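Data block below; observations after.
The values are calculated or read from the model by the stated rules, or taken from the named source; none is laboratory data. Please read all numbers here as calculations on a predicted model, not as lab measurements. Glycine also receives a Cβ, built like all others from the backbone with ideal geometry; neighbour counts cover every protein chain displayed. Surface accessibility is based on the protein's heavy atoms, side chains included, excluding ligands, DNA and RNA. Shrake-Rupley method; radii C 1.70, N 1.55, O 1.52, S 1.80 Å.
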Amino acid sequence: MTANAAARAAAPTRREQILREAARLFAERGFHGVGVDEIGAAVGISGPGLYRHFPGKDAMLAELLVGISERLLEGGRRRVAAADGSADAVLDSLIDGHIDFALDDRSLITLHDRELDRLRDSDRKLVRQLQRRYVELWVQVVRDVYQGLPEAEARACVHAVFGLLNSTPHLSGPGQLPRREATGALLHRLARGAFAAAAD
């Protein structure tokens, strides 16, 4: 593959650009505070031009929230499958993967917290179903590491750790993050500490 071909392959598609800017704008100003024309302007096309990619804002919101739930679940499954057999290593990998999401996709966390109820019922149920599967993936790994930890306690702790990791939108202003590497390392230590405390 040539350098130009590699660059084209790595470049986001127009659809991905639209979704990224829609997520940013929805997170900053709320779903109803953003018009189609503004999303179009953010990616350099007319508002009506967006309709070649999405039927409307509702479809963008659904793709963003369903999409991130699918991505987290599939990423978690890949990490479990790629592990070297050590339950501790699997848990560390899951934590690191979620930290990457929490630091890189903070607008989606805000969007989920504020706008999930705006999805139509079928999309909202799909998001919840995917999230439950993601939680159960973690619960199994946590119980492999901390044997003897009751299932209900493991599940409660997983939810608590998600709350901790998903608090990243509150760390700083939009687009700013204090020392990403140090922040990630701190979040990892806090997550492992929470699981260890639950197992005591």
Quiz prompt | Around ARG192: net Lys/Arg minus Asp/Glu count, Cβ-Cβ under 14 Å | solution = -3
Exercise. Name the residue farthest towards the positive end of the dipole of the chain from the options HIS188, VAL141, LEU126, assuming +1 on Cβ of Lys and Arg, -1 on Cβ of Asp and Glu, about the Cα centre.
Key: LEU126
Quiz item: Separation between the GLU181 and ALA59 pseudo-spin-labels, each 7 Å from Cα along Cα→Cβ, expressed in nm?
Solution: 4.3 nm
Quiz prompt | Once exposed loop trypsin sites (Lys or Arg not before Pro) are cut out (DSSP; at most 12 other Cβ, 10 Å), longest piece of the chain | solution = 1-119
Quiz item: About its Cα centre, what dipole magnitude does the range 38-146 give when the only charges are +1 on Lys and Arg Cβ and -1 on Asp and Glu Cβ, stated in debye to the nearest 20?
Solution: 440 debye
Quiz item: DSSP H helices in the chain with Cα extent of 24 Å or more along the helix axis and mean Kyte-Doolittle hydropathy at least 0.5?
Solution: 87-104
Quiz prompt | Assigned charges on the beta-carbon of Lys, Arg, Asp, Glu; the chain dipole about Cα centre (debye) | solution = 420 debye
Quiz item: Hey, rough spin-label estimate for LEU171 and ARG29, points 7 angstrom out along Cα→Cβ, what's it come to in nanometres?
Solution: 2.7 nm
Quiz prompt | GNM top mover of ALA41, ALA160, ALA22 - the chain, alpha-carbon springs below 10 Å | solution = ALA41
Exercise. Could you work out the mean projected area of the convex hull around the alpha carbons of the range 84-128, in square nanometres to one decimal?
Key: 4.3 nm²
Quiz item: Which of LEU186, LEU108, LEU19 moves the most in a Gaussian network model of the chain with Cα springs under 10 Å?
Solution: LEU186
Exercise. First measure r as the distance between the Cβ atoms of LEU164 and GLU16, then evaluate 1/(1 + (r/R0)^6) with R0 = 35 Å and state the FRET efficiency to the nearest 0.05.
Key: 0.75
Self-check item: Most mobile listed residue (ALA23, ALA89, ALA102) in the chain, GNM with C-alpha springs under 10 Å
Solution: ALA89
Quiz item: Among HIS112, ALA81, MET60, whose Cα lies farthest out toward the positive end of the dipole of the range 39-137, if unit charges sit on the beta carbon of Lys, Arg (+1) and Asp, Glu (-1)?
Solution: MET60
Quiz item: Based on the Cα gyration tensor of the chain, what are the three equivalent ellipsoid semi-axes, each the root of five times an eigenvalue, rounded to whole Å and given largest first?
Solution: 33, 19, 17
Quiz prompt | ALA41/GLU151 FRET efficiency (R0 41 Å; Cβ-Cβ; nearest 0.05) | solution = 0.25
Quiz item: Of the accessible area of the range 103-200, with the probe set at 1.4 angstrom, what percent is carbon plus sulfur?
Solution: 49 percent
